[in-house]
Amino acid sequence: MSLEQDLFQRSGSQCELCGSKEDLQVYAIPDSPQGAENHILICGTCKEQIEDPEKTDPNHWRCLNDSMWSPVPAVQVMAWRMLNRLKAEGWPQDLLDMMYMEEEQLEWAKAGQTTEETSGEEVHKDSNGVTIEAGDTVVLIKDLPVRGSSMVAKRGTAVRRVSLVHDHPGQIEGKVDGQQIVILTKFVKKV
């Protein structure tokens, strides 16, 4: 049997990521180890968005909630890579936290992934120099008066699911007492 026939049989003739039955094609996962089953069957929409990050529609990838549990390592690797690409959206971080992969598969998934540190972009770091990513939880290390209000964000307050201020690596955003505020990273510690 050919590779394509094997993939159609394994997937039940549907995209192994989103379940679509339209425009199916064999996709070779980049940066795969030698000897690994590194092909999956995907639809044209998934392929276009994988290959061109500018065309990524985060809502399309909610399908990863199901496909990340696939018993096929190659499908898990692609699900992990796409969730990682989208984790600034918030919900993908929750899925990544639930996802379990064997160590070899995780190494494979990380291969070829560009991180903020390697791409030359600014990296958000807490008071201890630990990298802060979107969706992380941080704790305030001192009382902070909130500009434009009489509120004071107290030391020890946990700020969950922070978002990054992309053009300012020294700032993050999060909710404290129900109010969305900008926080300087030098006053927080990642949990």
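The values are calculated or read from the model by the stated rules, or taken from the named source; none is laboratory data. Note that the structure is a prediction, hence the values are computed from the model and not measured. No Cβ is skipped: glycine too gets one built from the backbone with ideal geometry, and neighbour counts run over all protein chains shown. The accessibility values were calculated without ligands, DNA or RNA, using every heavy atom of the protein model including side chains. Shrake-Rupley method; radii C 1.70, N 1.55, O 1.52, S 1.80 Å.
On the Cα set of region 85-191, report Rg and Dmax in Å, please.
15.3, 52
Leaving out ligands, DNA and RNA, and with a 1.4 Å probe, what % of the accessible surface on the chain is carbon or sulfur?
Roughly 46 percent, rounded to a whole number.
Keeping all protein chains in place, calculate the accessible area per residue for region 64-191 (probe 1.4 angstrom), answer in Å².
Per-residue value: 58 Å².
Keeping all protein chains in position, work out how much accessible area His60 exposes to a 1.4 Å probe, and write it in Å² to the nearest 10.
Result for His60: roughly 40 Å² accessible.
Using the 4.7 Å Cβ rule, please list in number order the cysteines from the chain without any candidate partner.
When partners are defined as cysteine Cβ atoms under 4.7 Å apart, the chain leaves Cys46 without one.
Using the Cα centre as the reference, give the magnitude of the dipole from point charges on the C-beta atoms of the chain (Lys, Arg: +1; Asp, Glu: -1; all else neutral), rounded to the nearest 20 debye.
For this selection, approximately 1160 debye.
Given C-alpha coordinates of region 1-145, what is the ratio Rg to Rh with the Kirkwood estimate of Rh?
Using Cα coordinates only, the ratio equals 1.03.
May I ask you to order 78-85, 26-33 by the average number of other C-beta atoms within 10 Å around their residues, highest value first?
78-85, 26-33
Given the options Val138, Gly178, Pro73, identify the residue whose Cα lies farthest towards the positive end of the charge dipole of the chain (+1 on Cβ of Lys, Arg; -1 on Cβ of Asp, Glu).
So the residue furthest toward the plus end is Gly178.
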